[in-house]
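A.B. asks: What follows is a structure written as structure tokens; I'll ask about it next.
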């Protein structure tokens, strides 16, 4: 009966959370993540949330969604620049064509939504200049950043093979809209 009610509500009003969706709380906001995302224990002390998103059919890697809530953090523009340097672009590709930036609303907060496609410079220790870099070709990152309550910087990062991220972009956008 519950499944029938969800189907009827979806047909009448558009997408609603399914019984399998995961309730999420981040930076005082609550929302729902798609049931296909596998919640994981955050792998670092700065991460407050972490999900594994299943790979697209021909990709070899899954994508990962992480959330960070930090006091300070250098501000929105400095963080957007930090994300850009994590990517290299193919010869002849202009940075402006590989990076899209738009305004976004997350709950009541104004933020930025950055979409980058290129070769991801993966580091085991991102802030260690001596950390080994592994270049991962044809990756994409969706990055949302905003200043939350009490001045904290909130970042949501979805990164993985371009086709896998494309597969999950709609779910990511719906997840952002669900955060209230």
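A.B. asks: So in the range 137-162, with the set limited to residues that are surrounded by fewer than 16 Cβ atoms within 10 Å (Cβ to Cβ) and part of a strand (DSSP E or B), which one is farthest from the chain's Cα centre (by Cα)?
C.D. replies: 137
A.B. asks: What pairs come up if the first residue lies in the range 168-180 and is farther than 21 Å from residue 59 by Cβ, the second is buried (at least 16 other Cβ atoms within 10 Å of the Cβ) and at pLDDT 95 or above, and their beta carbons are under 6 Å apart, counting only those six or more places apart or on different chains?
C.D. replies: Going by the 6 Å Cβ cut-off, the qualifying pairs are 176/106; 178/31; 178/32; 179/29; 179/31; 179/106; 179/107; 180/107.
A.B. asks: Counting only residues that are without any contact (Cβ under 8 Å) to a residue 40 or more places away in the chain, give me the strands (runs of 3 or more DSSP E) lying completely in the range 23-75 with at least 1 of them.
C.D. replies: Hits in the range 23-75: 47-53.
A.B. asks: Which number in (1) in contact with a helix residue (DSSP H, G or I) (Cβ under 8 Å, 6 or more places away or on another chain); (2) modelled with pLDDT of 95 or more marks the one condition that residue 73 misses?
C.D. replies: In the conditions (1) in contact with a helix residue (DSSP H, G or I) (Cβ under 8 Å, 6 or more places away or on another chain); (2) modelled with pLDDT of 95 or more, residue 73 misses (2) alone.
A.B. asks: Could you please let me know if residue 103 is without any contact (Cβ under 8 Å) to a residue 40 or more places away in the chain, farther than 28 Å from residue 57 by Cβ and in contact with a strand residue (DSSP E or B) (Cβ under 7 Å, 6 or more places away or on another chain)?
C.D. replies: yes
A.B. asks: Continuing with this model, one more query. Just checking, which of 85, 106 is at pLDDT below 95 and closer than 15 Å to residue 143 by Cα?
C.D. replies: Unique residue meeting the criteria: 85.
The values are calculated or read from the model by the stated rules, or taken from the named source; none is laboratory data. Note that this is a predicted model, so its numbers are computed, not measured. In this analysis, Cβ positions are derived from the backbone assuming ideal geometry, glycine residues included, and neighbour counts consider all displayed protein chains.
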